[in-house]
Amino acid sequence: MATTKTIRVNGKALGVTVDDAAMPLLYVLRNDAGLHGPRFGCGLGQCGACTVHVNGQPVRSCTRPLSAIGPDDEIVTLEGLGTRDHPHALQTAFIAEQAVQCGYCINGMIMQAAALLKKNPRPSVPEIKAALENNLCRCGTHLRIIRAIRRASGV
Amino acid sequence: MEMTRSAPDRREFIRQLGGLVVGFTLANAARHSPAAAAEAGDYGPPTDQVDSWIAISEDGHATLYSGCCELGTGSSTGLLQVMAEELDMPFARVRLVLPDTDHTPDQFVSSGSRTISAHSRPIRIAAAEARAVLIDLAAQKLGVPAERLMTGDGAVTLRDSKQRSVTYAELVGGRHFEAKITGRAKPKRPDEYKIVGQSLPRWDVPEKVFASFTYMQDIKVDGMLHARVIRPPAHGASVVAIDESSVAHVPGLVKVVRVQDLVGVVCRREEQAIAAAQALRVQWTSWAGLPDQKNLHATIRNLPEFRQGYPKDAPGGLLVHRGDVESGLSESAKTISATYMTPYHHHGSIGPSCAIADVRDDGVTVWCGTQTPYGTREAVAKFLGLANQKVRLIYAEASGCYGQNGADDVIVDAVVLSRAVGRPVRVQWSRADENGWEAYKAARISECRGGLDSNGKIAAWDARTFGFSGYSRPEYHEPKHGGEPGSLVTAQLAGWTKPGLEEGFSGAAGNFDPVYQDLPNKRVVFTYLGPASHRQGPLRIRVGSMRGVGSPDNIFVAECFMDELAAAAGEDPIAFRLEHSPRPRGLAVLKAAAETAKWQSRASGTAPGSGDIAYGRGVAMLGSDTDTNVAGIYEVAVNRRSGVVRVQRVTIAQDCGLVVNPGAVRNQIEGGVIQSISRALKEEVKFDRSRVTSLDWSSYPIITFSEIPDEIDIVLLDRPDLPPMRVGEPASESVWPGVANAVFDAIGVRIRQLPLTPERVLAALSGKA
């Protein structure tokens, strides 16, 4: 049975009509909101490519059902984190360090790191590694990602 | 991104570009004229096409119509640098159009780390030609001889009066004219370069960081439906029956499609397709034709040779035979032998493969992340029984592929499903589809025998490896014109029986001949076992190219055995290598790496410490006179209690000729090294008797942040006097032997099978005790 629901994405209301409230948030963001930030990687919550913030917390949108999202929950994607005109410090730093190869994982890396920096503005290298331990990168960009996060934290 | 299906005639398209368009005039002469072919190189456009490469528009921008796929490595930034350099155009005013068979030339396959080394040359020549044309136009306009003019910053200027200048935009105006490659324009000398050689930031990085980039997986087409596929639960299983009532409850279901053993569900929305694919009940035949994984390498060792796969210059797989190996061995003061084994690997693309197809009566459009646009177009056309011109293939960058993942195969899924519903269909493979049906890096077993003379020098080298094909993509090679659907496992599932083009040997055998000149008696054999797929072949596990094709396995064997001989001689492994005379560029990288890493000169494995953590260092090198040379030094810590190996520090010295973008080259080296450390320490495709079972990241773990090295030092030996050479693969190929040699140094026991898991390390340590 189709139901209509309104959620908040990047500060705006988004009305969605879905057949199944158990559907993952990822497909609403990609196909209804038309966002490119959150990415499908495994659908299992294992790789982190789909990471978004829900009320400031990093969440795997591929396994978070739409039913678990309330009308007041604030969802922020990479698009909402910063823009070319108003970039987040991490976005500026990832460009400066060229901390991207294919870039498919980078959404998750930046969103996970943004949540870390909010809690811990000056993380050590071991703290950065621990925070990103469950975000996978296949191109081997890890050292640059760490450098970018250090740069964004002003270290 | 909105895509339209318009498929204008290519000549019409070129006319619409406006401005100055530079194309090659190799029509019908191309590969038939040695001079023309030499000018374009192996990766220039084929001769029967006059294609545009570079267009300068009246707004003062230059556009490169690239036949090369950007695979997330940054190589397209390098191509743009080459074009901007030769045009004397600011980098900010160059643009890129990625492959589209309606708009861009055929540059064959974007693989083997060749984008810059092979594909930049024709672009350099075309851009130089464009600059010469612009100078001629300026000479007419200014009424001065061309010799008095110079170019810079997108304008032509009078040498002796800088005030008199005319921009390219003004020269082009609103006119359209086409220039041909005449060969009269001389590209710049390396000492004139201002843009080539600079670490310019990649054009795609900001788009990826701000999420404005459109990957293949992001493309939406008007009227598009979503689909998922349902694969057999065993590699050789076939459909017995499909119970469509099992998905009758799924909202948005458009159709259940079956073509032989290719099964899919098409729905209005993506999550509906996922639900339908999970719910669909399919009855399959049972099949259990795989060997026990414990016996994999023994099985490979006993497979019959695929004799028809040997090229004429390597009968019986004999790559090189010098001197008399048997006499050399029998006369040696000391002989050793060793057997090495490597597993299958997943490519491990973070984003599983995706394609969109729109199959209509009047033509077909495909959006995909292939590495070989024209070959794949040909395969689609053959599969559908159409002329090539009826199929338009539009390339979009997908998740990093590192070789042949499912990017080509998913196209056949999309084509079959779109044909069945008469609408554009997007197929997104699941993680399990990708891991279960891609073309894996092949497993290998290799046997070596070697002898040392009384002076501790190598008297005999006898190496034989047993390997599969390195290719199974619908690659398109003149004059063979591959493009065979039979290369794709999805076409095989759909009942296509004609085999794909077989040319695996030459790709898989590279680099098995050691780099040392001073090996008096040497025999190097690659025993070829042929192509293999889930659906056909001698061992029903599908193989294909992955970062280096067979080369990482070959170098693992050659450079580990070199190390074993050094240890048997009681010599330092670098001194031992030097004694056997690497070629000059190899010598240079080896010395640079040793110096940078502050190499501790001693025989390996002789001084393991006594604590819980054992430290070691290892070296490996590769290269040739005409290719990139690399030496890698790896410093490891081995935990004797847990068996865990950690690579702490890496030093790479690389000579890849002219370096177009040092920053991008370093990025590729770092990435290749980290990926290959993951493969050396952790990775192994798992299978049972029916199918591959490592279908997610918990059953196929890859390296994580806590496991990466602390630092990777990179020394680039810039050689602007040499052409640019391959970058993406070579450094990564030094990793497996370098790490294995370092582990031997640390614990004093040689492990000859990858991955170097804790279990294997503990077994080696207990075997020693």
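The values are calculated or read from the model by the stated rules, or taken from the named source; none is laboratory data. A quick note: this is a predicted structure, and the numbers were derived from the prediction, not measured. We place every Cβ from the backbone using ideal geometry, glycine too, and count neighbours over all the protein chains shown. The area values use the complete protein model at the heavy-atom level, side chains included, leaving out ligands, DNA and RNA. Shrake-Rupley method; radii C 1.70, N 1.55, O 1.52, S 1.80 Å.
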Residues along region A:112-149 losing 40 Å² or more of accessible surface when the other protein chains are present rather than the chain by itself (probe 1.4 Å): A:129, A:133, A:136, A:138, A:139, A:140, A:142, A:143, A:144
Cα shape, region B:193-292, gyration tensor, a/c 1.5 rule: oblate
Area accessible to solvent at residue B:176, 1.4 Å probe radius, in Å²: 70 Å²
Difference of contour (0.36 nm per residue) and Cα-Cα distance, residue B:361 to residue B:722: 124.9 nm
Residue-normalised accessible area of the protein assembly as shown, given per residue in Å² at a 1.4 Å probe: 34 Å²
Modelled FRET efficiency - R0 30 Å, residue B:153 with residue A:83, Cβ distances, 0.05 increments: 0.45
Descending Cα extents along the principal axes, region B:218-371, whole Å: 77, 36, 30
Cα gyration tensor category, rounded, prolate or oblate, for region A:1-57 with a/c compared to 1.5: oblate
Region B:573-730 - charge dipole about Cα centre, Lys and Arg +1 at Cβ, Asp and Glu -1, debye rounded to 20: 440 debye
Interface burial for B against A (accessible surface, 1.4 Å probe, total of both chains, Å², rounded to 100): 4900 Å²
Trypsin sites (Lys or Arg not before Pro) lying in DSSP loop within region B:584-622, provided at most 10 other Cβ fall within 10 Å: B:598
Positive dipole terminus of chain B, leading residue within B:418, B:176, B:611 (C-beta point charges): B:418
Amide H within-cut-off set for residue B:360, under 5 Å, with H built and near neighbours excluded: B:365
Region B:231-321: trypsin sites (Lys or Arg not before Pro) in DSSP loop, at most 12 other beta carbons within 10 Å: B:312
Subset of B:162/B:194; B:294/B:441; A:5/A:118; A:129/B:682 violating a 22 Å alpha-carbon distance limit: A:5/A:118
Shape call, chain B: gyration tensor on alpha carbons, a/c limit 1.5: oblate
Selection from B:149, B:482, A:63, by position along the positive dipole direction of the protein assembly as shown (Cβ): A:63
Kirkwood estimate for region B:649-712, i.e. one over the average of 1/r between Cα atoms, Å: 14.0 Å
Segment residue B:308-residue B:421, length gained on full extension (0.36 nm per residue, minus Cα span): 36.5 nm
Taking chain B and dividing mean pair separation by its residue count, relative contact order in percent (alpha carbons under 8 Å, at least six apart): 13 percent
Spread of Cα-to-Cα distances over 10 Å intervals beginning at zero, given as percent, for region B:454-563: 14, 38, 26, 15, 6, 2, 0
Equivalent ellipsoid, region A:82-152 (semi-axes from 5 times Cα gyration tensor eigenvalues, Å): 16, 15, 10
Threshold 40 Å² - residues in region B:697-731 whose accessible area is reduced by that much or more when the chain is no longer isolated, probe 1.4 Å: B:697, B:702, B:704, B:705, B:708
Potential lengthening between residue B:222 and residue B:97 on full extension [0.36 nm per residue; Cα-Cα distance subtracted]: 42.8 nm
Overall dimensions of region A:1-136 by Cα: Rg and Dmax, Å: 14.9, 50
Lys/Arg +1, Asp/Glu -1 at C-beta; the protein assembly as shown dipole; positive extreme among A:107, B:193, B:279: B:279
Binned Cα-Cα distances of the protein assembly as shown, short to long, each 10 Å bin given as a whole percent: 2, 12, 21, 25, 21, 13, 5, 1, 0
Dipole magnitude (debye, nearest 20) for the protein assembly as shown, charges at Cβ of Lys, Arg, Asp, Glu: 840 debye
Theoretical FRET efficiency, 1/(1+(r/R0)^6), r = Cβ-Cβ of residue A:13 and residue B:214, R0 25 Å, to 0.05: 0.50
Per residue convex hull volume, Cα atoms of region B:405-482, in Å³: 158 Å³
Filtered GluC sites (Glu not before Pro), region B:554-646: DSSP coil and at most 13 other beta carbons within 10 Å: none
Pairwise FRET efficiency - residue B:320 versus residue B:286, Cβ, R0 = 51 Å, nearest 0.05: 0.65
Heavy-atom accessible surface of the protein assembly as shown: percent carbon and sulfur, 1.4 Å: 50 percent
Antiparallel DSSP beta bridges within the protein assembly as shown, percent to nearest 5: 75 percent
Region A:82-152 - charge dipole about Cα centre, Lys and Arg +1 at Cβ, Asp and Glu -1, debye rounded to 20: 120 debye
Exercise: per-residue mean of other protein chain Cβ atoms within 10 Å, A:33-43: 6
Spin-label pair residue B:648/residue A:73, simplified geometry with 7 Å Cα→Cβ offset, distance in nm: 4.5 nm
Reciprocal mean inverse distance between Cα atoms of region B:146-253 - Kirkwood radius, Å: 22.1 Å
Exposure ranking of B:462, B:292 by accessible area [1.4 Å probe, largest first]: B:292, B:462
Spatial extent of region B:653-769: Rg and Dmax, with the Cα atoms as the point set, Å: 17.4, 54
